[in-house]
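See structure below.
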Amino acid sequence: MPGALAETIAILVLVVSLAIAIVRPFGLSEALGAVPAAIVVVTTGIVSVGEAGDRLGEIGPTVAFLAAILVFGHLCAEAGVFDHLGSLAARISDGRPRLLLAIVV
């Protein structure tokens, strides 16, 4: 595939997948845009299967860590941990915005 065409397709795929991740139509996961985008990039030959596998091997542990953190954050939110900590920070700051910022940071 010619370089300019490959770059154009890659940019379009990136823009569409980012738009889906931002808009999240019907509350669906960001994977709705990312997985088909990855398939398009590999099937069109912009990135070879070997290169894609190499990249997955390199970033796999990082992606797994980020996924685990997202799951942990979701579980904490459902359990009310963030609501509790936010209320506690608000009480301790007693209406002082700089103290609230310091507590949060």
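The table below gives the values:
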quantity: Area of residue 85 that stays accessible when all protein chains are in place (1.4 Å probe, Å², to 10); calculated: 90
quantity: Whole-number accessible area per residue in Å² for segment 51-104, which is evaluated in the context of all protein chains at 1.4 Å; calculated: 82
quantity: Contact order normalised by residue count of the chain, Cα under 8 Å, 6+ apart, percent; calculated: 16
quantity: Förster-model FRET efficiency, 41 Å R0, residue 75 and residue 5, C-beta, rounded to 0.05; calculated: 0.40
quantity: Calculated diffusion of the chain, Stokes-Einstein form, Kirkwood radius summed over Cα pairs, 37 °C and 0.692 mPa s, µm²/s; calculated: 190
quantity: Carbon plus sulfur fraction of accessible area for the chain, probe 1.4 Å, in percent; calculated: 74
quantity: Helix runs (DSSP H) in the chain reaching 15 Å along axis by Cα, Kyte-Doolittle at least -0.5; calculated: 3-23, 31-43, 49-79, 81-93
quantity: Net charge dipole size for the chain [Lys, Arg +1 and Asp, Glu -1 on Cβ; Debye, nearest 20]; calculated: 400
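The values are calculated or read from the model by the stated rules, or taken from the named source; none is laboratory data. What you see is a predicted model; the values in this text were computed from it and never measured. Cβ coordinates were reconstructed from backbone atoms using ideal geometry, including for glycine residues, and neighbour counts include every protein chain displayed. The area values use the complete protein model at the heavy-atom level, side chains included, leaving out ligands, DNA and RNA. Shrake-Rupley method; radii C 1.70, N 1.55, O 1.52, S 1.80 Å.
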